[in-house]
1. Only residues that are out of contact with any helix residue (DSSP H, G or I) (no Cβ under 8 Å at 6 or more places or on another chain) and under 19 Å from residue 101 (Cβ atoms): list them for the stretch 44-69, please.
2. Taking the conditions exactly as written (crowded, with 18+ Cβ neighbours inside 10 Å, under 21 Å from the mean Cα position of the chain (by Cα), within 27 Å of residue 263 (Cα to Cα) and at pLDDT 50 or above), does residue 66 satisfy them or not?
3. I'd like to check something: does the stretch 184-205 contain any residue that is in a helix (DSSP H, G or I), over 30 Å from residue 231 (Cα atoms), touching a helix residue (DSSP H, G or I) at 6+ places or on another chain (Cβ under 6 Å) and at pLDDT 95 or above?
4. Residue 109: in contact with a strand residue (DSSP E or B) (Cβ under 7 Å, 6 or more places away or on another chain) and surrounded by fewer than 21 Cβ atoms within 10 Å (Cβ to Cβ), yes or no?
5. Pick out, from the stretch 57-166, the helices (runs of 4 or more DSSP H) lying fully within it that include 3 or more residues that are over 30 Å from residue 334 (Cβ atoms).
6. So how many residues does the stretch 36-52 have that are outside any loop (DSSP other than H, G, I, E, B) and under 16 Å from residue 150 (Cα atoms)?
């Protein structure tokens, strides 16, 4: 695959102090008392990055219980809550709305929606689910006018079928994404901040159809990746810029996104660290690397952890392993993630 490779220079680190013991999120204040760091209409924080998570996934706990438990475990509040919906489900749910509108601590929602598990992308693009999209649009207009993140059929790479007539080619995905966004907007949904979420694996990025997945700048506000710290990854740099010797032309996802989408914010929409039986201190060391290195990646404007005792490939609970709980708490409380206040409803 032909890649757009840009010469990358060392990025200036933000002048955010480390080692803070601040327990609650705080806004940086000017002398007038007004926050000096704000969020744009596309929910881009002007300082630092949003901190969030998908809490206690696959634990069976209701969302509000899972979030409050996870926030208690990490000793900090989340800016963004990552939730998952599929098919005809309406969102946000009453529980999600309560969390978003919590008067003591409002939160942004990152809604992950697979419009259908029964229709192909081509069928959706041709209008097969228009009634479902319109129903959702009406629900959103009535119940949730606040800005929220929305991604459609995240990680499409491993669902691509390039055979003729499959309806699941990369171009079909792009057409599906465009159609759903256009339909929602035509039905009055103006508050959805659209996110295109890639898997973040070099093997898929090397496919000749990879670039065809992108739906277009006019329907994508943020670009995202979902990388996990498997056996090949040792630190945050290795997480967001995964490379493999089998794909020598691939520069890593963050570097590719810098070159391909220089004007768009980047979200790490899912990331997790798996247990290593031979290194019980790995999670602690990894979280410490995130705290040291995150400021080298200023285009990353949101970092959402996937907290699950039963993730598909292992345990990504953030507080297992020697010293992991303290290291994760220190990361969650870092002022870099606490500089921009969440917009209130």
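The values are calculated or read from the model by the stated rules, or taken from the named source; none is laboratory data. The shown structure was predicted, so the numbers you read here are calculated from the model rather than taken from an experiment. When we count neighbours, we look across all protein chains shown, and the Cβ atoms used for this are built from the backbone with ideal geometry, even at glycine.
1. 52, 65, 66, 68, listed by residue number.
2. no
3. yes
4. Working: in contact with a strand residue (DSSP E or B) (Cβ under 7 Å, 6 or more places away or on another chain): yes; surrounded by fewer than 21 Cβ atoms within 10 Å (Cβ to Cβ): no.
For residue 109, the condition - in contact with a strand residue (DSSP E or B) (Cβ under 7 Å, 6 or more places away or on another chain) and surrounded by fewer than 21 Cβ atoms within 10 Å (Cβ to Cβ) - is not met.
5. 121-125, 130-143
6. Narrowing the stretch 36-52 to residues outside any loop (DSSP other than H, G, I, E, B): 39, 45, 50-52.
Applying the additional criterion that residues be under 16 Å from residue 150 (Cα atoms) yields 50, 52.
Of the residues in that region, 2 qualify.
Yes/no per residue for (1) touching a residue at least 12 places away in the same chain (Cβ under 8 Å); (2) assigned to a loop (DSSP other than H, G, I, E, B); (3) touching a strand residue (DSSP E or B) at 6+ places or on another chain (Cβ under 6 Å); (4) surrounded by 22 or more Cβ atoms within 10 Å (Cβ to Cβ):
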position	(1), (2), (3), (4)
168	yes, yes, no, no
211	yes, no, no, no
218	no, no, no, no
238	no, no, no, no
